[in-house]
């Protein structure tokens, strides 16, 4: 076996390891939904104000793989965000994906209808490339708002 052939085999193996590592660090639809369900229960247990603070600050409890919890009121104000605390307090009702999809408005709508998935395009934080993303959103009890967790498809 010549050097070039061995190098090619090593490169293919490395690609497989990278793909495997990426798959292990990317959250699944089931994991995202389970994190939303846990977030709803946390709001019930500790109340909205404390829960939103926890979603933003307690990375160990509320960040799994590349998943994080976001929380908004039904007027589009971000009240908790596990990936970007600078968004907390911002009115994002008119936030749209790069294709013009009214993201927050659609998440509010689906949450009010009992919960579900919204598909859209969003820049991936590591690659900066536009990718398909889905966020599961669910309405909160005793608060005029919702929580969501998104996955890259």
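Please treat every number below as a calculation from the coordinates, not as lab data. Predicted model, so just to flag it, every value in this text is computed and none were measured.
Summary of values
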read-out	value
Difference of contour (0.36 nm per residue) and Cα-Cα distance, residue 105 to residue 45	18.9 nm
Kirkwood Rh and Cα Rg combined as Rg/Rh, region 112-153	1.10
Two-decimal ratio, region 27-152, of alpha-carbon radius of gyration to 2.2 N^0.38 Å	0.95
Inter-centroid distance (Cα atoms) of region 25-70 relative to region 84-104, Å	19 Å
Length-normalised contact order of region 27-152 in % [C-alpha pairs under 8 Å, at least 6 apart]	26 percent
